[in-house]
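The values are calculated or read from the model by the stated rules, or taken from the named source; none is laboratory data. Every value quoted in this text rests on a predicted model; they were computed, and no experiment measured them. For neighbour counting, all protein chains shown are included, and Cβ atoms are generated from backbone atoms with ideal geometry for every residue, glycine included.
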Amino acid sequence: MQVGLISLLDGLVYGMLLFMLASGLTLILSMMGVLNFAHASVYMLGAYFAYQIDQWVGFWPALVIAPVLCGSIGAAIEVWGLRRVHHNGHIAELLFTFGLVFIIGRGVQMIWGMLPMAYRVPAGLDFPLFSLYGENFPAYRGFMLLVSGGMLFTTWLLLKKTRIGLIIQASLTHPGMVSALGHNVPLVFTTVFAGGSFLAGLAGVIAGNYLTTESAMADAMGPIVFVVVIFGGLGSLAGCFTASILMGMVQTFSVVFDYSFADALKPLGVTLAANDLLGEILTIPMSRIGPLVPYALLILILLFRPRGLMGTRET
Amino acid sequence: MRFPRSFVRIFLALLAVALWGPGARAADATIKIGYIDPFSGAFAAGGDASLKMFQFIIENINAKGGALGKKFELVTFDDKLQPAEALIALKSVTDQNLPFVMSCVGSNVGSALIDAVNKHNTRNPDNRVLQLNCGQLATELTNEQCSFWHFRFAGSVEMRAVARIKSLPASLKTVYLLNQDYLFGQSIRDDTKKFLALYRPDIKIVGDEMIPLMQVKDFSPYITKIKASGAESLLTGNYGPDLALLIKAGVDAGLNIRYDSYLGHVIGAPTAIGAAGDGRLTSVMEIHDNISVEENNAAQEEFVKQWRTTHDFGFIAINSVTQFDMLVRAIEKVGSTDPLKVALALEGMEQKDMFGAVNIMRKDDHQLLNPYYEAVLTKGQKYDVEKTGMGWKTEFKTTVADETLPTTCTMKRPES
């Protein structure tokens, strides 16, 4: 029970972090049809910028400046990069963002080196918020929840209650019509790309010191974010949110879950040993393959519900 | 179909370079070593650090004249910690007729290379290659899988386990094992259990966890589990991000237990842990910068100072210094870089390290026998690591005799 409660909190924090990354990606993907491979690289840039600004002026300015920098980089990528390759089709756009991954990754290594950065949780937030069955819940994690929750609320407000949100939503489904009505669709695209990059940068700022800031952090986060986006479904922020929290919980609980498939079969009167047919696979405890479960879920959803959890159209 | 003339020209030029290249290399005045390690991907930092240490060692050796009047040179290949990529790199090494191939990271990579080198040397007796293992540690590589063409210049998991288990404090009663789910992690788990049963039967193993290699981002759930188990020590063979994230999550959650690692001295972990880890992380290593102070060793202090003028992280590869000292002696003794002759010369070779301990390259399994230090990362040391203000402090030491363990190797030797 006590493990369950703590794991619930752990899963929530991780899920919200995933959501910060995935929400930007899902907006870009559903609006522009571009699977932005460089999204996780922008997240990494956010963390490195935050580290650097933290060194110079402190964490709180970094919390604002680093995401803005990432947003500007996003806008620049869209205006001078994506827009130019756009008329060559989606494959060209895909390859373009794929190339960016390597350029940003190598650039980070050349500027900051390969060692992890000493990017620390700010002293003002470095205390245990409360203690649950003897295990501390760091205040910084509470702060992460607060920031990601605030971000969720703001994004929702922006999309549903403002004029810009209205146009963005319309451009999602009917770009031609929106353009014919006299709106500047390319500007909307740039705004969305910059906004998505801003969110990725923000995720980098608050995750860079919670996890570690190092040159491999983009590679580590990239695949799981794609899983969340596809699982949640295109064009649905709610689906993205549900998928993020689900993946966070699945990864957390699969670790504390010491059972294997063989244990699940036991009540049915089937007992398996490691040397039976398939026994080796079925007797592996869940905790040993936990981080791979989201990918298994991805395959399942693509097989049975290709549009994703709450997707409004086919991927 | 006609090719534009410029294409033909470029093709001819490339062809000329390709034909001329290897020939020119063969006549080169350097001894080339193919060096395969991860220089990109999750453990790029480790490969990069290792490369810097080798460059440092080779500069020193070359300044003293190299071997046979030739200087050493590294030809690097990136394997991204993937055995398949390493095998492609090995193909390039043999295509270029390099006499030596070296690789430090990933026992799974080492295992694949041993097989491939064996096959290559059997099929191409006139173009053999000698494998120098500088850090692929799974015990199996010099036991079940041992090969005449493979020399390991780094202590096996088994040797480290001896130092690791013997150095645990007598008051410790419960440990939690957490390791990476691949050849190396499994080797660590098996040998840890073996030597716990042998030296410390009073210690109870309250948890035994395997995690996918470099896949876990958030270790908090594992910390919750460890906490619930009531373990007094977390015993782990993790390295790179898997170790840094694990200990960071533990320290953040206020898990006040011992963190007894096998590879905590490898680059990155001290930075990630930070000041909160003061006095908690221990590791088993061949050397650390503060031994020079503890043992009053002027020669090492000179070496450490020279290293630290250009590097932020500690020099952890004295076994690689020994490796090159032995290699130079072997090449000079036989008067060539012929892999077979050099291998025969290396067998049974004894070499004093900078502390005066005699290291032995055992003939039976081609495993280097060297002493080990167990040290704790703590403040107030003369030389810190990675600019953290914390440095390693020796708590326990083994001798070459302690580390001479029986081997099950039955080596197939070439008929010559």
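The table for this structure:
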item: Filtered residues of the stretch B:118-133 (kept if under 24 Å from B:Q351 (Cα atoms) and either modelled with pLDDT under 95 or assigned to a strand (DSSP E or B) (or both)); result: B:L130, B:Q131, B:L132, B:N133
item: Yes/no for B:V376 being more than 16 Å from B:Q300 (Cβ to Cβ) and either within 14 Å of chain A (Cβ to nearest Cβ) or surrounded by fewer than 18 Cβ atoms within 10 Å (Cβ to Cβ) (or both); result: no
item: Looking only at the stretch B:253-274, and only at residues there that are polar (S, T, N, Q) and within 14 Å of another protein chain (Cβ to nearest Cβ), the one that is farthest from B:N238 (Cα to Cα); result: B:N256
item: Top-ranked residue in the stretch A:238-258 [being polar (S, T, N, Q) and surrounded by fewer than 23 Cβ atoms within 10 Å (Cβ to Cβ); ranked as farthest from A:L12 (Cα to Cα)]; result: A:S254
item: Filtered residues of the stretch A:133-168 (kept if farther than 18 Å from A:M20 by Cα, within 14 Å of chain B (Cβ to nearest Cβ) and either hydroxyl-bearing (S, T, Y) or assigned to a helix (DSSP H, G or I) (or both)); result: A:Y133, A:A139
item: Close pairs (8 angstrom Cβ cut-off, 6 or more residues apart or separate chains): in contact (Cβ under 8 Å) with a residue 60 or more places away in the chain in the stretch B:295-307, among the aromatic types (F, W, Y) anywhere; result: B:E295/B:F355; B:V304/B:F315; B:V304/B:Y383; B:W307/B:F56; B:W307/B:F315
item: Pick from the stretch B:182-228, criterion among the small types (G, A, S) and either outside any helix (DSSP H, G or I) or within 10 Å of chain A (Cβ to nearest Cβ) (or both), ranking: surrounded by the most Cβ atoms within 10 Å (Cβ to Cβ); result: B:S220
item: Only one of B:E294, B:E332 that is crowded, with 16+ Cβ neighbours inside 10 Å and either closer than 23 Å to B:D260 by Cα or at pLDDT 90 or above (or both); result: B:E294
item: Answer from B:D402, B:D384 - the residue that is at pLDDT below 95, of a type in the set (D, E) and assigned to a loop (DSSP other than H, G, I, E, B); result: B:D384
item: Qualifying residue in the stretch A:196-219 (condition: of a type in the set (V, I, T), within 23 Å of A:G150 (Cβ to Cβ), within 14 Å of another protein chain (Cβ to nearest Cβ) and in contact with a Gly (Cβ under 7 Å, 6 or more places away or on another chain)); result: no
item: The stretch B:84-97 - residue that is polar (S, T, N, Q) and in a helix (DSSP H, G or I) and, of those, nearest to B:P38 (Cα to Cα); result: B:S92
item: Set B:V304, B:V328: member being under 21 Å from A:L115 (Cα atoms) and not in a loop (DSSP other than H, G, I, E, B); result: B:V304
item: Out of A:L45, A:L12, sole residue that is more than 14 Å from chain B (Cβ to nearest Cβ) and at pLDDT 90 or above; result: A:L45
item: Residue within the stretch B:98-109 that is assigned to a helix (DSSP H, G or I) and touching a strand residue (DSSP E or B) at 6+ places or on another chain (Cβ under 7 Å) present; result: yes
item: Exclusive hit being within 14 Å of another protein chain (Cβ to nearest Cβ) and modelled with pLDDT under 90, set B:A18, B:A13, B:A24, B:A44; result: B:A44
item: Tally of residues being over 21 Å from the mean Cα position of the chain (by Cα) and either within 13 Å of another protein chain (Cβ to nearest Cβ) or of a type in the set (G, A, S) (or both) across the stretch A:93-115; result: 8
item: Among the candidates B:V105, B:V101, B:V93, residue that is within 14 Å of chain A (Cβ to nearest Cβ) and under 27 Å from A:A216 (Cβ atoms); result: B:V105
item: Any hit, the stretch A:51-62, residues being of a type in the set (F, W, Y) and farther than 30 Å from A:L129 by Cβ; result: no
item: Residue count, the stretch B:309-339 (criterion: closer than 19 Å to B:A154 by Cβ, more than 14 Å from every other protein chain (Cβ to nearest Cβ) and among the small types (G, A, S)); result: 3
item: Residue check, A:F98 loosely packed, with under 14 Cβ neighbours inside 10 Å and part of a helix (DSSP H, G or I); result: yes
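Every residue, every condition in (1) buried (at least 22 other Cβ atoms within 10 Å of the Cβ); (2) free of Cβ contacts under 8 Å to residues at least 60 places away in the same chain; (3) more than 11 Å from A:F226 (Cα to Cα), yes or no:
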site: A:L21; (1), (2), (3): yes, no, no
site: A:S30; (1), (2), (3): yes, no, yes
site: A:A38; (1), (2), (3): yes, no, yes
site: A:S41; (1), (2), (3): yes, no, yes
site: A:A47; (1), (2), (3): yes, no, yes
site: A:A50; (1), (2), (3): yes, no, yes
site: A:D54; (1), (2), (3): yes, no, yes
site: A:V57; (1), (2), (3): no, yes, yes
site: A:A62; (1), (2), (3): yes, no, yes
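Residue-wise test of (1) surrounded by fewer than 24 Cβ atoms within 10 Å (Cβ to Cβ); (2) touching a Phe, Trp or Tyr at 6+ places or on another chain (Cβ under 7 Å); (3) closer than 19 Å to A:H86 by Cα.
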{"position": "A:P186", "(1), (2), (3)": "yes, no, yes"}
{"position": "A:S215", "(1), (2), (3)": "no, no, no"}
{"position": "A:F226", "(1), (2), (3)": "yes, no, no"}
{"position": "A:F231", "(1), (2), (3)": "no, no, no"}
